[in-house]
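*Asks:* Dropping a structure here in structure tokens format, bear with me for questions.
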Amino acid sequence: MDRGGLSRRQVMVDKESGLPVTIRNPQSIETNQRSETVPATTSHEPIRSGEVYTLEEFRRRAGMGRHAYRMAKKAGLQVVNLHNRVYVRGADWLSYIDATINQATTDNASENASR
């Protein structure tokens, strides 16, 4: 079945309101069936230091897809594997963010010093 290059769900911008919408059925674009569009989620709940999150909840709160999660894990994000489940501690996420910021700051400082 040819979908005309669109995936099953795609986020687009509504021309009238300027807000992002998720297209559940790409054919709704052609037929103008407004019932097929829903507002895209743009806000995320905070990740707190003293809490532990399932992988799904962590990714939802961080607004992170599978690829971004894998890249973060590869770059040093600590996860807990327990009973065939993956958990992320809020404190580990915040430490990872701090380390990433510190590394970027160090890289920028050394780059500026070499100029």
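Read-outs throughout are calculated quantities, based only on the coordinates presented, and are distinct from any laboratory measurement. This is a predicted model, so every value here is computed, not measured.
*Asks:* Which whole-number percentage describes the relative contact order of the range 52-113, with Cα contacts under 8 Å and a sequence gap of 6 or more?
*Replies:* Averaging sequence separation for qualifying contacts and normalising by length gives 33 percent for the range 52-113.
*Asks:* Divide, for the range 52-113, the radius of gyration over alpha carbons by 2.2 N^0.38 Å, where N is the residue count.
*Replies:* Expressed relative to 2.2 N^0.38 Å, the Cα Rg reads 1.29.
*Asks:* Using 0.36 nm per residue, how much length does the chain from GLU51 to ALA109 gain when fully extended, once their Cα-Cα distance is taken away?
*Replies:* Stretched out fully, the GLU51 to ALA109 stretch lengthens by 17.5 nm.
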